[in-house]
Amino acid sequence: MKIFRVVFFIVILLSACAPAPEQQATLVATALTATADTWTKTPAPTLTFMPTDTSTPTLTFTPTDTLTPSITPSPTITPTPTFTFPTVTVNTQAHCRYGPSVAYLHAADLYAGDKGTVRGRYIYSKWLFIKFDKLDYFCWVAPSVVDVTGDISKINLTELNLQAIGSNQYGPPKNVTAVRDGDRVTVSWDQVMMTTDKGRGYFWELFVCQNGNYIWWTDSYSEQFTTSFTVKDEAGCSEPSQGQLYTVEKHGYSFPVDISWPAP
């Protein structure tokens, strides 16, 4: 629109002066050229591309809930009371033995005032298994020769292991027999040849029926030359009678020989 107005003005001006047609054409061309030279070229706008935001967003992780474990209360520990072994004091001179009767080997001499603790008792007798302070081993005593302080009923029963006492170099008796005559049973065997220094004879342990009672009975010979004994054994008990025989020397007992016991 601006160019059109300029050309229109020039045409009016020239018409007023009324030059010749050739002159008018030249003037118009000159005017257009001059006008064009005065135009201000507007530079094309520079497009500035703003980069898109390429930064990686920081992800905020919502922590998962951590379950707090329930607290299990610790059980209350109830202390176990310490067991105190009953104590004994010897009240008269006596023998301590390797078994719970007078038939067993002598283990030590005891004197009034000797002290110890009760560690066991026997199922078939009232003898006590004692650890005397003056000895480094255990042995058995009759309850009548000691004064006891404490409750022996809580003491465990103790089994015998005669082979644990020591080695027996002679072995058990041979050709052991048992013969019944009514309510009498006679047990016999061959002599075991032992030196006088070492020989301590023979020992037997029996379960026999007397007066309707099934009883535990022990006995011994202190020398090697007597090779039989007779015992009363009757009918009438629920358990069969039985017995075992040992050779005894000063170091200990042989393995036992089972006696083939005749029925009543």
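The values are calculated or read from the model by the stated rules, or taken from the named source; none is laboratory data. Quick caveat: nothing in here was measured; it's all calculated off a predicted structure. Please note: Cβ atoms are built from the backbone with ideal geometry, for glycine as well, and neighbour counts cover all protein chains shown. What goes into the accessible areas is simple: the full protein's heavy atoms, side chains included, and nothing from ligands, DNA or RNA. Shrake-Rupley method; radii C 1.70, N 1.55, O 1.52, S 1.80 Å.
Brief remarks on what is shown
- Candidate set from region 148-184 (those that are of a type in the set (Asp, Glu) and exposed (fewer than 12 other Cβ atoms within 10 Å of the Cβ)); member that is modelled with the lowest pLDDT: GLU159
- Single residue of region 222-250 satisfying the filter (open to solvent by 40 Å² or more (accessible area, probe 1.4 Å) and either within 16 Å of LEU160 (Cα to Cα) or among the aliphatic types (A, V, I, L, M) (or both)) that is farthest from the chain's Cα centre (by Cα): ALA235
- Taken over region 193-221, residues that are closer than 16 Å to TYR170 by Cβ and surrounded by fewer than 14 Cβ atoms within 10 Å (Cβ to Cβ) amount to 4.
- Pairs meeting the criteria (first residue in region 235-264 and aromatic (Phe, Trp, Tyr), second residue open to solvent by less than 80 Å² (accessible area, probe 1.4 Å) and assigned to a loop (DSSP other than H, G, I, E, B), beta carbons under 6 Å, at least 6 apart or on different chains) are TYR246/SER254; TYR246/PRO256; TYR253/ASN168; PHE255/PRO172; TRP261/SER241.
- Residue ranges of strands (runs of 3 or more DSSP E) in region 150-264 with at least 1 members among the basic types (Lys, Arg): 177-181, 184-188, 199-210, 228-232
- Scan of region 79-128 for residues that are part of a strand (DSSP E or B) and within 17 Å of GLU205 (Cβ to Cβ), ordered by number: ARG97
- Subset of region 194-241 (residues that are more than 17 Å from ALA178 (Cα to Cα) and in contact with a Ser or Thr (Cβ under 6 Å, 6 or more places away or on another chain)): GLY201
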